[in-house]
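**Q** Could you have a look at this structure, given as C-alpha cells, before my questions?
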Amino acid sequence: MQKLMMVASTLAGLAAYATVAISAEDLVAAVKERRPLMKEVVAPNAKLGGQMVKGTVAFDATKAAAAMNEISGVPDKYVKLFPKGTEHGAVKDSEAKATIWDDFDKFKATAQKLKDASAKAAGAAAQGQGTFTAAFNDMTKVCKECHETFHEKQEQ
C-alpha cells in the first residue's frame, strides 16, 4: 500500500510539473511577443511625445493623447510576457534582468505606474502643451526607473 501511495504521489507530482513547465519554444515566443510592444508601440509614441515637448514637432493635443493612450495599453499585456526563464542570456534577444523575478510584484507595480502615468499624460494633452509636458516628463521618469531596474541592454 505504501509503494502504491509513493507511485501515485510521484505521478501526481510529475503531472503537475508537466502542466506548469514552459517549453523553450514558449519562452522564445514570449520574448518575441514582448519586444515589439516596446520597440513598435512604446518607443515611437514616446518619441513623438518627446518631439512635441521639445518643439521639434508641433504640439497636437489629439496626437499627443493618442500616443500616450497607445503606451497606456501596453503594460497589461507586457507583464504577462515574462515567464521565468526569459532573462537576458537565457533566451536570445532578451534584455530582461533577472531582478524581474526576484521581485515580480515590484515589476508589476512599475508597469502599473507606466500605465497610470501615460494615461495621465493623455488626459493632460487636452489642457495644453505645458500641462502635457509636465505629465510626459513624469511618465519618462517611470520609463527610466524601469529600464535602470529591469532592462539589460543587448551588446551590439
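Rule-based calculations on the coordinates, nothing more; no lab input. Just so it is clear, the model here is predicted, and its values are computed rather than measured. Here the Cβ is made from the backbone with ideal geometry for all residues, glycine too, and neighbour counts use every protein chain on show.
**Q** So for the pair Gln51, Thr99, with labels modelled 7 Å out along Cα→Cβ, what separation do we get in nm?
**A** So the label points at Gln51 and Thr99 sit 3.2 nm apart.
**Q** Dividing the Cα radius of gyration by the Kirkwood radius, what Rg/Rh value follows for the range 17-97?
**A** A ratio of 1.14.
**Q** Write out the trypsin sites (Lys or Arg not before Pro) in the range 45-148 meeting two conditions: DSSP loop, and at most 16 other Cβ atoms within 10 Å of their Cβ.
**A** Hits after loop and neighbour filter: Lys84, Lys92.
**Q** Find how much the distance from Gln112 to Ala66 grows on full extension, using 0.36 nm per residue of separation minus their present alpha carbon separation; answer in nm with one decimal.
**A** Fully extending the segment from Gln112 to Ala66 adds 14.7 nm.
**Q** Report, as a whole number in µm² per second, the diffusion coefficient that Stokes-Einstein gives for the range 74-116 at 25 °C and 0.890 mPa s using the Kirkwood radius over alpha carbon pairs.
**A** For these conditions, the coefficient is 229 µm²/s.
**Q** Let me ask another. Taking the square root of 5 times each eigenvalue of the Cα gyration tensor, what semi-axes in Å does the equivalent ellipsoid of the range 40-156 have, largest first?
**A** Gyration-tensor ellipsoid for the range 40-156: 29, 14, 11 Å.
**Q** Further question: Scattering from the C-alpha atoms of the range 112-156 alone, worked out with Debye: what is log10 I(q)/I(0) at q = 0.31 1/Å?
**A** Treating every Cα as an identical point scatterer, log10 I(q)/I(0) equals -1.01.
**Q** Could I ask something else about it? Mind jotting down the distance between the C-alpha centroids of the range 120-136 and the range 25-49, whole Å?
**A** Centre-to-centre (Cα) distance: 24 Å.
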